[in-house]
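These notes concern the structure reproduced below.
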Amino acid sequence: MEQIAAFRVDLNKIEGDGEFPCPSCGTLISPDDESNTTYEIIDVKTEEDGSLKSLNILCKMCGNTIIIEGFEALNEFDDLNEEDRL
Ligand SMILES: [Zn+2]
């Protein structure tokens, strides 16, 4: 049995315009949905230069926390990210 504190979603592995299903319940979560009906942003982490690092959101359908990572790609950084811990 593995212990999972929170679900993680890597934007680099998402195709399309950023929508992804909740890893737990499958509810489609869209970054463009600002109605707060399916999810709620609970924490925003930024790099020292102010660029977005990760986003903690709460899926309102199942109550799980989802950490969205991979904003580096959107910021067009070319750094190799070795944090592939599963
Ligand atoms: Zn969910």
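The values are calculated or read from the model by the stated rules, or taken from the named source; none is laboratory data. What you see is a predicted model; the values in this text were computed from it and never measured. FYI the Cβ positions are ideal-geometry reconstructions off the backbone, even for glycines, and counts take in every protein chain you see.
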Expected single match for at pLDDT below 80 and exposed (fewer than 12 other Cβ atoms within 10 Å of the Cβ) among E48, E40, E34 is E34
Please enumerate the residues belonging to the stretch 48-69 that are more than 15 Å from L11 (Cβ to Cβ) and part of a loop (DSSP other than H, G, I, E, B).
E48, D49, G50, K60, M61, C62, G63, N64
Would you confirm whether or not the stretch 63-77 contains a residue that is under 11 Å from the mean Cα position of the chain (by Cα), at pLDDT 90 or above and of a type in the set (S, T, Y)?
yes
Consider E34 carefully, then state whether it is within 14 Å of E72 (Cβ to Cβ) and out of contact with any Pro (no Cβ under 8 Å at 6 or more places or on another chain).
no
